[in-house]
1. Can you report the number of residues in the stretch 1-21 which are of a type in the set (S, T, N, Q) and at pLDDT 90 or above?
2. When you go through P83, P69, P42 one by one, which is the residue that is at pLDDT 85 or above and out of contact with any Cys (no Cβ under 9 Å at 6 or more places or on another chain)?
3. Taking L24 as meeting all but one of (1) assigned to a helix (DSSP H, G or I); (2) loosely packed, with under 10 Cβ neighbours inside 10 Å; (3) modelled with pLDDT of 70 or more, write down the number of the exception.
4. Going by what's in this entry, would F37 be described as surrounded by 11 or more Cβ atoms within 10 Å (Cβ to Cβ) and not in a helix (DSSP H, G or I)?
Amino acid sequence: MYSWIWRHIPFKQWPLKAAVSAVLVAAAGALLWYQVFPAVEPLLPFDDVQVETNDPGADTTIESPAARPSASNPAAPAHPTTPPQQVLPS
C-alpha cells in the first residue's frame, strides 16, 4: 500500500515525495483526531468506571477526621479505630 502511494505521488524528486507523504500522514492523523475519534468516543467504555464488591462484610464508610480521638475531646474513645500500619524491613 505504501509503495503504491509512493509511486502515485506526482513528483519525481524524493524530497518532494517525502513532503507530500508527510502532509498525507498529517491529514490522516487530523481526520482521525478531529472527526473519527470524537464520533466513536461515546461508544467506548473508558468513562464507564464501576467499582463493585461481592464481599458483604466490606466496610464502605469513610471516617471523617473530626471523628478521631483527640486530647481536647475527652468523650472520644481511647483506642484508634484503624490498626496501625505495619512497617516491613527492607
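1. Here the count works out to 2.
2. P42
3. That leaves (2) as the condition not met.
4. No, not satisfied.
The values are calculated or read from the model by the stated rules, or taken from the named source; none is laboratory data. What you see is a predicted model; the values in this text were computed from it and never measured. Here the Cβ is made from the backbone with ideal geometry for all residues, glycine too, and neighbour counts use every protein chain on show.
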